[in-house]
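Worksheet: one structure, shown below.
The values are calculated or read from the model by the stated rules, or taken from the named source; none is laboratory data. Keep in mind that this is a model prediction, so the values were computed, not measured. Cβ coordinates were reconstructed from backbone atoms using ideal geometry, including for glycine residues, and neighbour counts include every protein chain displayed. Please note that ligands, DNA and RNA were not included when accessible areas were found on the heavy atoms of the full protein model with its side chains. Shrake-Rupley method; radii C 1.70, N 1.55, O 1.52, S 1.80 Å.
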Amino acid sequence: MRLSQLVGSRYKERPAEATLDSHAFLLRGAYARQVANGIYSLLPPGLRVVRKIERILREEMDRVGGQEVLMPVVMPRELWEESGRYQSVGNELVRFSDRTGHDMVLGMTHEEAVVHLCRNEISSHAQLPFMVYQLQTKFRDEPRSRGGLIRVREFTMKDAYSFHASQEDLERYYMECYKAYQRIFARAGVPQVAVVESDSGMMGGKVAHEFMLLVDAGEDTIVVCEESGYLANLEVAKGVVQAYPEEPKPLEKVHTPGCKTIEEVAGFLGVEARRTAKAVFYDQDAEGKLVLAIVRGDRDVNEMKLAKVIKAEPVPATDERIRAVGAVPGFASAMGLDRARVRIIIDDTVAASNNLVTGANEADYHYIYFNLSRDLPGVETCDIIEVKEGDTSIDGKGSLIFKRGIEVGNIFQLGVKYTESMGMAYNDEAGKACTPIMGCYGIGVGRLMSSAMEAYRDQYGPIWPITIAPWQVHLNAIKLAAPGVADTAEQLYAGLQAAGLEVLYDDRDARPGAQFADADLLGIPFRLVVSERNLKEGQVEWKRRDTGESGVMPLAEAVATVKGWIEQAIADINAKADAY
RNA sequence: CGGGGCGUAGCGCAGCCCGGUUAGCGCGCCUGCUUUGGGAGCAGGAGGCCGAGAGUUCAAAUCUCUCCGCCCCGACCA
């Protein structure tokens, strides 16, 4: 490609809307242009990176037996009603009517479509297991997109779906996909992607993992124990919280005028927050009961964990609803409440603590010396708190720290949520109808591009790994008018291309500074510079974008040498990937 | 959806508070000459419905109202 003809203008100034470097480079380097909030067009450099990533995805999906298919962006309402998600999913799912008034949706994920596609094609156990995948456009009407291509409304996703006759087979295949994902990220040049336990959210299913690229700009908080290698999304992270056991003292009611918050009560009584119990009401569990979650006063409820326990979305309850069950907001307690009307869920930290301060369900009064096993026996206890930095890792091998990460991929063991609701069945050996068990596996292509940019960059631009770089070699010619420069550069351009390399040739008669600035923005790993001063010695200059190393080499050897470097660089990356 | 900020040339911004001929600056772009190793210099030029609509006024980029869009924080998030 000749840079003079490359569509898209690069520029020096940082766009005002970009807060992330990757977003700024995306625009400055003319990789992409925004069309509307969370909706982008890709220019040639951006699309070339995307195509490279897609090739890796196809190769690795094929390698684990995947078969590529293509499903539609637009689907009829009925399909989503079969799974129940037409109702259960919020406004991220775009709903609209076609000209005949038929309700349609824009696909945000394709479990419905894939079950629709496969349920009539599968009739025998002999056809299982199998996996189909696609690289296709998704539309999710996110409440808030941000960060260039990190979080957008319309995006390309590699989504894969596997079908199995048994949970064991799903688990076996899940591990294969897990490893395929590690190879994919390694081949894309981001082998440091961390795998964390995650919540399966609205996808359903039990086991799920997220593949996180740890960068400061990340949207998710990742809980890490460096000593043991423990990694989990904050949403599901478990930790060992320090307990302070002591001898139980007799329960006592004390006057605490106007003390409604933990801070007020603890301050008034002169105790630390950890010596109190915090009562938080939510509306409501799956049976419609008001939920009272109680955690130690120095801790917060992790609503993701709570959601799993109550099998519903925890919404903070109104004061009216709280009063309706006989509790007093600000002075609420689990004691004395009608358990038929309120579901009480106590965190393990409260169960493990003695002599806590808790509400008396009476305005301006609290109990002190509350002991769960004595004062409220038989109540449900479990882990519903959010871990904090400094907590001990659940494996006891070190303490937890928080990092930020971007979720570039995820894998789920879905179970039978879709196959059952949508009536997919096959006959087993005995001729009995059985429901296949599903797994699903996603990777956001544009997000991976942006994340890689975020992970590898300097002040001048991105530093692409060779396997996803828009071009492999950037060729500059300094002072085209000087004797031999233009001819030599043209010959080198032709020679590199003939050797099968992807070359971007800056054929403009621009000053060196301008050429180099553009080269940095395009982030191509290897750069060659033809100039009068080196040409006199029969030499051409080379420079690596990543290490900054540079030197000169004989012009006659340039093509073969660069080709060798590139092949070696690719081989090094693939060797790492093949280790998985 | 809540809070905050911003819409003036492809990009970055000034002008607005305090209304007044033809709306400025830098980068980029076009022409010419000079220049050529980290975003060159000089000269000449092109490019604007000042986000949209409605008001107030002799007069609106500037004041008022409504709407739209974008960014950031939060809520949300497969």
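Details
- Of all residues assigned to the range A:70-83, at least one qualifies as being assigned to a strand (DSSP E or B) and either open to solvent by 10 Å² or more (accessible area, probe 1.4 Å) or within 9 Å of RNA strand B (Cβ to nearest atom) (or both).
- Some residue of the range A:472-485 being touching a Phe, Trp or Tyr at 6+ places or on another chain (Cβ under 6 Å), open to solvent by less than 40 Å² (accessible area, probe 1.4 Å) and within 16 Å of RNA strand B (Cβ to nearest atom): yes
- Qualifying residue in the range A:522-535 (condition: farther than 18 Å from A:Leu6 by Cβ and in contact with a Ser or Thr (Cβ under 8 Å, 6 or more places away or on another chain)): yes
- Under the condition of being in contact with a strand residue (DSSP E or B) (Cβ under 9 Å, 6 or more places away or on another chain), among the small types (Gly, Ala, Ser) and surrounded by fewer than 17 Cβ atoms within 10 Å (Cβ to Cβ), the residues counted in the range A:330-374 number 2.
- Subset of the range A:313-329 [of a type in the set (A, V, I, L, M, F, W, C) and exposed (fewer than 15 other Cβ atoms within 10 Å of the Cβ)]: A:Val315, A:Ala324
- Checked against the criterion of being more than 9 Å from RNA strand B (Cβ to nearest atom) and surrounded by fewer than 16 Cβ atoms within 10 Å (Cβ to Cβ), the range A:502-512 has no qualifying residue.
- Top-ranked residue of the range A:544-572 - restricted to ones that are outside any helix (DSSP H, G or I), under 24 Å from A:Asp487 (Cα atoms) and away from RNA strand B (no atom under 12 Å from the Cβ), ranked as most open to solvent (accessible area, probe 1.4 Å): A:Pro554
- One residue stands out among those in the range A:26-55 that are near RNA strand B (Cβ under 10 Å from one of its atoms) and part of a helix (DSSP H, G or I): the one that is most open to solvent (accessible area, probe 1.4 Å), which is A:Arg28.
- In the range A:312-323, the residues that are closer than 9 Å to A:Gln284 by Cβ and hydrophobic (A, V, I, L, M, F, W, C) reach residues that are part of a loop (DSSP other than H, G, I, E, B) and at pLDDT below 80 with C-beta atoms within less than 8 angstrom, at least six apart or across chains, in these pairs: A:Ala312/A:Gln284; A:Ala312/A:Ala286; A:Val315/A:Gln284; A:Ala317/A:Gln284.
- Test: residue in the range A:8-21 that is within 16 Å of RNA strand B (Cβ to nearest atom), at pLDDT 95 or above and of a type in the set (A, V, I, L, M, F, W, C): no
- Residues (open to solvent by less than 10 Å² (accessible area, probe 1.4 Å) and either over 23 Å from A:Asp487 (Cα atoms) or near RNA strand B (Cβ under 7 Å from one of its atoms) (or both)) located in the range A:513-523: A:Ala519, A:Leu521, A:Leu522, A:Gly523
- Evaluation of A:Ala517 against the conditions (1) over 29 Å from A:Arg457 (Cα atoms); (2) in a helix (DSSP H, G or I); (3) touching a residue at least 40 places away in the same chain (Cβ under 8 Å); (4) of a type in the set (A, V, I, L, M, F, W, C) shows that the sole unmet condition is (1).
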